[in-house]
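Enquirer: Pasting a structure below so you can have a look.
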Amino acid sequence: MAAVTVVQHSLVQHKLTLLRDRTCPTGNFRQLVKELALLLGYEVTRDLPLTTVTIETPLRPMESPKLDGKKLVFASILRAGEGLLAGLLELVPAARVCHIGLYRDHDTLRAVQYFFKAPEDMTSRQVIVVDPMLATGNSVIHAIDLLKRAGAKDIRFLCILAAPEGIARLQEAHPDVPIVTAAIDEKLNEQGYITPGLGDAGGRMFGTT
Ligand code: URA
């Protein structure tokens with residue numbers, strides 16, 4: 001079973017507290033999600049494969065590590081994934097992007113697909129799927145199903161908050177996918193929201209209800 005990493009860094013925990021607060025305004029919320037993406041992105045990319053290249057410093061040639069040629073793909077689950085994507089693209093500007101349009105049917109809580117666009121040649125790429133909330137797990141499981149069908153083999157998942165129920169379901173469906181998160185909350189409520197959570201991540205990020 002792939003690992004679940006909870007990033008305990010003090011800055012991550014501080015920013016998460018600001019994000020959870022119901023009085024956090026839309027602009028601050030979006031900014032905090034982006035800052036969390038930078039910090040969590042550091043963790044999720046920690047062991048990406050490196051290769052050695054020869055460069056010349058102003059003083060002399062040297063062998064130095066560089067990310068392996070295997071191009072990185074950030075797969076954003078629309079729409080809340082876009083907040084994390086903005087930060088991650090600042091970390092790795094050359095990364096490719098996959099967009100996966102899924103919405104949650106409010107009655108069944110099932111993920112309904114309306115869009116999927118991935119770069120060519122997914123087989124040889126490292127994919128990091130992003131969605132701030134791992135709640136029931138339906139959306140991310142569906143997204144990873146689609147990515148694997150498109151050929152992806154090396155997949156990680158990055159979120160800000162996870163529910164124990166969502167982690168269990170994701171691990172059951174995709175035991176090969178490591179999870180990186182800032183916190184694991186208590187449980188889901190009857191509406192499928194993470195509690196204590198932070199509410200509707202997409203709504204708070206984009207100022208909609
Ligand atoms: N999606 C959200 O935005 N919030 C939750 O608590 C669960 C799913």
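Enquirer: For the stretch 104-133, name all the residues that are crowded, with 16+ Cβ neighbours inside 10 Å and without any contact (Cβ under 8 Å) to a residue 60 or more places away in the chain.
Expert: 111, 116, 118, 122, 125, 127, 129, 131
Enquirer: Only one of (1) out of contact with any Leu (no Cβ under 7 Å at 6 or more places or on another chain); (2) away from the ligand (no atom under 13 Å from the Cβ) is not met by residue 200, so which one is it?
Expert: So the condition that residue 200 fails would be (2).
Enquirer: Return the residue satisfying two criteria in turn: it lies in the stretch 40-99 and is of a type in the set (Lys, Arg) and either out of contact with any strand residue (DSSP E or B) (no Cβ under 9 Å at 6 or more places or on another chain) or not in a strand (DSSP E or B) (or both), and of such residues it is modelled with the highest pLDDT. I'd like the intermediate steps shown before the answer.
Expert: Let us first name the residues in the stretch 40-99 that are of a type in the set (Lys, Arg), namely 46, 60, 66, 70-71, 79, 96.
Next, from what is left, pick out any that are either out of contact with any strand residue (DSSP E or B) (no Cβ under 9 Å at 6 or more places or on another chain) or not in a strand (DSSP E or B) (or both): 46, 60, 70-71, 79.
Details: 46: 93, 60: 98, 70: 71, 71: 87, 79: 92.
That would be 60.
Enquirer: Quick check on my filter: what residues within the stretch 129-165 are over 13 Å from the mean Cα position of the chain (by Cα), within 16 Å of the ligand (Cβ to nearest atom) and more than 18 Å from residue 78 (Cβ to Cβ)?
Expert: Within the stretch 129-165, 163, 164, 165 qualify.
Enquirer: Which residue pairs have Cβ atoms under 9 Å apart, sit 6 or more places apart or on different chains, and have a first residue in the stretch 77-93 that is farther than 17 Å from residue 39 by Cβ and of a type in the set (D, E, K, R) and a second that is part of a helix (DSSP H, G or I) and within 16 Å of the ligand (Cβ to nearest atom)?
Expert: 79/202; 79/205; 79/206; 82/202; 82/205; 82/206
Enquirer: Also, quick follow-up: Does residue 79 qualify as being surrounded by 15 or more Cβ atoms within 10 Å (Cβ to Cβ), within 16 Å of the ligand (Cβ to nearest atom) and under 29 Å from residue 190 (Cβ atoms)? Working first, answer last.
Expert: On the way: surrounded by 15 or more Cβ atoms within 10 Å (Cβ to Cβ): yes; within 16 Å of the ligand (Cβ to nearest atom): yes; under 29 Å from residue 190 (Cβ atoms): yes.
For residue 79, the condition - surrounded by 15 or more Cβ atoms within 10 Å (Cβ to Cβ), within 16 Å of the ligand (Cβ to nearest atom) and under 29 Å from residue 190 (Cβ atoms) - is met.
Enquirer: Can you tell me how many residues within the stretch 40-66 are closer than 18 Å to residue 180 by Cβ and either surrounded by 16 or more Cβ atoms within 10 Å (Cβ to Cβ) or among the hydroxyl-bearing types (Ser, Thr, Tyr) (or both)?
Expert: The total comes to 6.
Enquirer: While we're here: Could you identify the single residue in 186, 190, 172 that is away from the ligand (no atom under 14 Å from the Cβ) and without any contact (Cβ under 8 Å) to a residue 24 or more places away in the chain?
Expert: Unique residue meeting the criteria: 172.
The values are calculated or read from the model by the stated rules, or taken from the named source; none is laboratory data. These numbers were taken from a predicted model, which means no experiment stands behind them. Cβ coordinates were reconstructed from backbone atoms using ideal geometry, including for glycine residues, and neighbour counts include every protein chain displayed.
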